[in-house]
Amino acid sequence: MKYHVWTIGCQMNVADSRRLGSELEKLGYQHTDQVREADVVVLNTCVVRQSAEDRATGFLWSLKPLKQRRPEAVIGLMGCMVGVKGNGHLQSAFPHVDVFLPPSDPGPLVEYLLDLEAHRLDQSELERRYRAQDGELVLPLRERGSLVSAHVPVLYGCDHVCTYCIIPYRRGRERSRSVGEIVAEVQSLADQGVKEVTLLGQIVDRYGYDVPDGPRMPDLLRQVHQVEGIERIRFLTSHPNYFDDRLIDAVAGLPKVCEHIEVPVQAGHDEVLARMKRRYTTDDYRRLIHHIRQHIPGASIATDVIVGFPGETDTHFEGTLALLDELKMDVCHVAMYSPRPGTASAKMADDVPPEEKKRRLQAVNELQERILADINRQLLGQHVEVLVEEKHKGRWKGRTRTNKLVFFEETGGDLDRRGKRVNVEITWAGPWSMLGQLGT
Ligand code: SF4
């Protein structure tokens, strides 16, 4: 019995698909890359952009002939297309889908398959196969012992309502996982060879806010820091309003926590930020970045920007370019605004023409490329710590603590460097990656 999981979207979806694979393997299924030979096919979907939704819908329709040919094959639809509020409309639109799974919840598929199997196996065999233990994550077989870096969801959902964002409507209210469950999952990953974990939440620095007097992100980082075998810890995505001094102290003071922070600004003009309902000003953001840099030496900071939001004038956009030029971020993920039905901004006039959105996107990318080339050039001749992830086209590939991509060649011998932290001297630096040689 084989399964295939198709995933699109954010790291949260990648983590959800891994957990789904783990649950299916507990049931005795094996992974296959080939959709046509799978007995269970699951699409883990994203609706943050229309293009992602279109791709998922296209793939879903392509499975109809498979279902007609093999009616016993099970097709599951998971993630943000399904959402947390019922799926009647999807059932009638896609009658060839057997099971609908909300984001981060493999439960409905597991129950469906257990029901199917109940006809074939006795209860004790089912229980033997499916023994879920709180927090434990048994990696899918193909990743066990080889996965170096894994994502661990710590907070589901989002309580904010940024006007452009569909996520709160699809992933629901904030729900923090317990510290015990998270630590158990991280420990089980470490036992299977994982060296680095990235703790995930839509607003990860709001971890624990939904639990009165509960532990917060700095407390969670301290607990995860104690897990033996884990050598690096990251977390994303942060919101500027919750990145407080306790969190800064935790990042600065815990050696395993990497000095790499993802804290999106989204726009560089206060009028646009207000219409986005981001609840901070450009000055607030500016102060935060300076504060982080002051207290976390060498911090690399990533941001997100949306260009062409409704009502964004040339002047507003110039503000975004000026802010990026001033702050010199290490990464800037830029996206063109596209309205998502059901969000508040979908009711605003989408008045920036597509060509202008493209021009703005390109302008941000060009500026950012120049900034990054300058930042990375400063690393030439320096020694950096690289956690090696895999071999890629004959070179080892890994990341610095600041999340920069480094390639290096192994000269003499053929040691397995995967999962090792090595010292690399940077010999070439481009905006998106660097080359180096093993140092001593
Ligand atoms: S903080 Fe805003 S952009 Fe991020 S998930 Fe929540 S609503 Fe969406």
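The values are calculated or read from the model by the stated rules, or taken from the named source; none is laboratory data. Every value quoted in this text rests on a predicted model; they were computed, and no experiment measured them. Neighbour counts run over all protein chains shown; Cβ positions are idealised from the backbone, glycine included. The accessibility values were calculated without ligands, DNA or RNA, using every heavy atom of the protein model including side chains. Shrake-Rupley method; radii C 1.70, N 1.55, O 1.52, S 1.80 Å.
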Quiz item: Of all residues in region 148-164, how many are open to solvent by less than 30 Å² (accessible area, probe 1.4 Å) and either assigned to a loop (DSSP other than H, G, I, E, B) or within 16 Å of the ligand (Cβ to nearest atom) (or both)?
Solution: 9
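Which one of G21, G86, G28, G79 is without any contact (Cβ under 8 Å) to a residue 12 or more places away in the chain and open to solvent by less than 70 Å² (accessible area, probe 1.4 Å)? Lay out the reasoning, then the answer.
Values: G21 fails: without any contact (Cβ under 8 Å) to a residue 12 or more places away in the chain; G28 fails: without any contact (Cβ under 8 Å) to a residue 12 or more places away in the chain; G79 fails: without any contact (Cβ under 8 Å) to a residue 12 or more places away in the chain.
After ruling out the rest, the residue left standing is G86.
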Practice problem: Could you check region 229-315 for helices (runs of 4 or more DSSP H) lying wholly inside it with 3 or more residues that are within 16 Å of the ligand (Cβ to nearest atom) and either at pLDDT 95 or above or within 23 Å of A150 (Cβ to Cβ) (or both)? | Solution: 270-276, 282-295
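Okay, residues lined up against (1) more than 30 Å from R360 (Cα to Cα); (2) touching a residue at least 40 places away in the same chain (Cβ under 8 Å):
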position: E174; (1), (2): yes, no
position: G201; (1), (2): no, yes
position: D213; (1), (2): yes, no
position: R222; (1), (2): yes, no
position: Y242; (1), (2): no, no
position: D249; (1), (2): yes, yes
position: V257; (1), (2): yes, no
position: V263; (1), (2): no, yes
position: R287; (1), (2): no, no
Exercise. Having 2 or more residues that are in contact (Cβ under 8 Å) with a residue 24 or more places away in the chain and under 30 Å from V47 (Cβ atoms) is the bar; report the strands (runs of 3 or more DSSP E) wholly within region 330-418 that clear it.
Key: 331-336
Quiz item: Is it the case that some residue within region 174-193 is crowded, with 17+ Cβ neighbours inside 10 Å, within 16 Å of the ligand (Cβ to nearest atom) and part of a loop (DSSP other than H, G, I, E, B)?
Solution: yes
Practice problem: Among the residues of region 316-332, write down those that are open to solvent by 30 Å² or more (accessible area, probe 1.4 Å) and over 14 Å from R360 (Cβ atoms). | Solution: D325, E326, K328, V331
Quiz item: Got at least one residue in region 418-428 being in contact with a helix residue (DSSP H, G or I) (Cβ under 7 Å, 6 or more places away or on another chain) and surrounded by 13 or more Cβ atoms within 10 Å (Cβ to Cβ)?
Solution: no
